[in-house]
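The values are calculated or read from the model by the stated rules, or taken from the named source; none is laboratory data. Note that the structure is predicted; figures quoted are calculated from it, not measured. Cβ coordinates were reconstructed from backbone atoms using ideal geometry, including for glycine residues, and neighbour counts include every protein chain displayed. Side chains are part of the model used for accessible areas, which takes the heavy atoms of the whole protein and leaves out ligands, DNA and RNA. Shrake-Rupley method; radii C 1.70, N 1.55, O 1.52, S 1.80 Å.
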Amino acid sequence: MYMLYVKLTLRNLQRSMKEYAIFMLTMVISMMLMYSFMAVAFSEQVLQLSKHMDAFAQVILVVSMGLVIVIGWLISYIANFMLRKRSREFGMYLLMGMTRKQVCRMFLLEQFCMGLFAYGIGCILGLFTFQILLAIIQHIFGIAYQFAFRFSIPAAGVTFLAFLILYAYELVKEYRILHHVNIHTLLYQDQQNETVKKGRLHTLVYMLGAILCAAVGLKLFYDGMRNGIRDVEETKKLLPAVLLIIASIYACFLGLSGFLQHFLDQHKQLKYQHNRMFLLGRLQGRLRSNRIVLATLSLLTLVTICFLCFGMKFKETTDLTIHSAAPFDLQVITQHQQYIKKAAGFLAEKKLTYEDHTYQTYTHLRDDVKVKQTFAKALDHTAYDSTYYRTTTFMRYADVQRLLQLKGKKVPALEKDEYMLVVSKKQQELMESYCRKHPFTINGKPMKLRYVCTEEILQTMYFVVVPDVYVQGVKGDTFYYVAQSAKELPSAWEDQLYERCSNSQLQEYSSVRLHSSYVETSMFSYVTIVFCLFYAAFIFICAAGTILATQQLSDLEAQKYEYALLHKMGASRKTLYRLLHYQNLLYFLLPLLLPAFFMIPILNSLDIMFTTTDATTPMYMYLGITLALFFTIYLAYYALTYISCRRNLDI
């Protein structure tokens, strides 16, 4: 008797793995990604790239635990789906004399074996995915990739722990359901439909609520991004906007079925043309029974597209910011001149070949020089409208000349009645246009704008460069020390320099920035943020594709009779396959409707975060690459679904 149950379990396992092959594929991909990212987080080769990479491992761990919720939802949905579709089978087992405990054990063992199979194959494939991720990270940090095949036990352990958490919860839940459900419910559960409130009033409330929530949510989100999110408290202000956008998506899908029914009642000629009645009937059925699931998939799709676009925008920002924020190999900013000497002495001790320069900045000119111009007004009502830029800062021409010389550049000569601007490339047109309209005067005499320098020699937004005579004898506000070395300075020196150039007892501190250290920090931020976003995005796409595919494949079993009847009524195989294609296509397109509406306004709002950076490409311009990545995976799931449905149609 025991062997009979084992054979029955193995037969059901084989059948389930074949019938739900797309689900198994997604579980393998999920386990593969989780193992490979965990292997990256625990890899000594990665941790040695930067002192910050320890935090990278922690972030990957937190993100993976968050994705466990999404994968758990996917497993729960598929398991409930399988239980619902096979309820008649389980009911028959009970009628034939099997105990509830035996039925429960058989189904739970089947589920566990499917998960264990996905875990094993995922870890094996993850060994190769890890090598790809490692090569990408080492390339980003400028290190040559060397293949070293090794199995990460910590990564496999964490992945297995996530697998146990996922399946332990689901198996307990399914056991309780099977243990308490009665036989009648099992025999007829697959014929039950979701109860839906009908009536135009409900549809009107849902659709008007969706429109109102969307409009208010997008407006609040835009205003929140425009006001800035500099700390946690300001981030919390975006929560109502996000909740309203989510509410609008769910409200729209709750009312979409009734709206479609009302629209077709008003335009019946559309309903009865060609084969539309059959397709629209199937579409309405899916909207009624799966509206919450479709809304959730729509939300995941929107988040996925935003993640991918944000990741690409962040990459551009990182690439451009590295040189503007750390233009020299070493830069020290301090209020105390003695620390400048200590920084220069540190480099001298290392016996390096380097060139350096010390200079000051000024917030005013000589006492006998009267200035009339407020350059900060050029920034009014822009993203740079901040008290930080309200004070105009001056520099000597000789200092700018020397800084450009260190960068291998030249600057035009400056006459006594001329001045220069040093600005970022993004603000060049804004500042230059303002200065042309509002002359800069000294002692009542207008000064000519000789040159606008956009070379990356300063990390602040703008400086006004005047002839040396106007700041002669003036005490500067801040001391700057920069050095350009023949060899790159080790990033580890930054902490040593900071200790020399600061005194915590006297509360005297300096800003020390090494180009190499800043590059490491930027690359760490880039790798952490972009990898996590892409990691989550791929899991989301696979989850959405799996649920849609599983739903269509399972529903086909109930629709075989309808297709066979159409075939007997004269419909050719070609016509039926076209109907099947349109049915699957419509269902796969449903979760994309609302993201198509929301993504442009949301991306435009997110773009405000990067206004003060050197990045100039609007975020929506990355939609082409994003959609290409998204649809490559999404259409692969559609193709697998269509091929499987066509094979199972059997007409």
So, over other residues within a Cβ distance under 15 Å of residue 493, counting Lys, Arg +1 and Asp, Glu -1, the net charge is -1
Counting only protein heavy atoms and leaving out ligands, DNA and RNA, the solvent-accessible surface of residue 350 at a 1.4 Å probe, in Å² to the nearest 10, equals 80 Å²
Percent of all Cα-Cα pairs per 10 Å bin for the chain, counting from 0 up to the last occupied bin, reads 3, 12, 18, 20, 16, 12, 9, 7, 3, 1, 0
Probe 1.4 Å, all chains present, heavy atoms only: residue 455 accessible area in Å², nearest 10, is 60 Å²
So the angle from the long Cα axis of helix 276-289 to the longest Cα principal axis of the chain, reported in degrees to the nearest 10, equals 80 degrees
With N residues in region 472-582, Rg(alpha-carbon) / (2.2 N^0.38 Å) equals 2.51
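Ignoring ligands, DNA and RNA, what percent of the accessible area of the chain is carbon or sulfur (1.4 Å)?
Here carbon and sulfur together make up 60 percent of the probe-accessible area.
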Helix 337-349: inclination vs the chain longest Cα principal axis, degrees, rounded to 10, gives 80 degrees
Given unit charges at Cβ for Lys, Arg (+) and Asp, Glu (-), the dipole magnitude of region 1-102 about its Cα centre in debye, nearest 20, is 780 debye
In region 10-105, taking the dipole from +1 charges on Lys and Arg beta carbons and -1 charges on Asp and Glu beta carbons about the Cα centre, the listed residue (32, 70, 81) farthest towards the positive end is 81
From DSSP H assignment alone, runs of 4+ in the chain each adding -39500 (n - 2.57), the sum over residues rounded to the nearest 500 puts [θ] at 222 nm at -22500 deg cm²/dmol
Rounded to the nearest 10, the angle in degrees between the Cα long axis of helix 21-42 and the longest principal axis of the Cα atoms of the chain comes to 30 degrees
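What percent do you get for the relative contact order of region 416-495 when only Cα pairs under 8 Å and 6+ apart count? Show your work: numbers first, answer last.
Numbers: 68 pairs, mean separation 31.3, N = 80.
Once normalised by length, the contact order is 39 percent.
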Contact order relative to length for region 7-109, counting C-alpha pairs under 8 Å separated by 6 or more residues, stands in percent at 25 percent
From the cross-link list 370/410; 351/407; 85/560; 409/487; 85/173; 342/487, the entries with a Cα-Cα span beyond 23 Å are 370/410
Measure of exposure for residue 469: accessible area at 1.4 Å probe, Å² rounded to 10, is 50 Å²
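Over the chain, what is the mean sequence separation of C-alpha contacts under 8 Å (at least six apart), divided by residue count, expressed as relative contact order in percent?
Numbers: 803 pairs, mean separation 125.7, N = 651.
Worked out over the chain, it gives 19 percent.
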Counting only protein heavy atoms and rolling a 1.4 Å probe, one gets per residue an accessible area for region 35-142 in Å² of 41 Å²
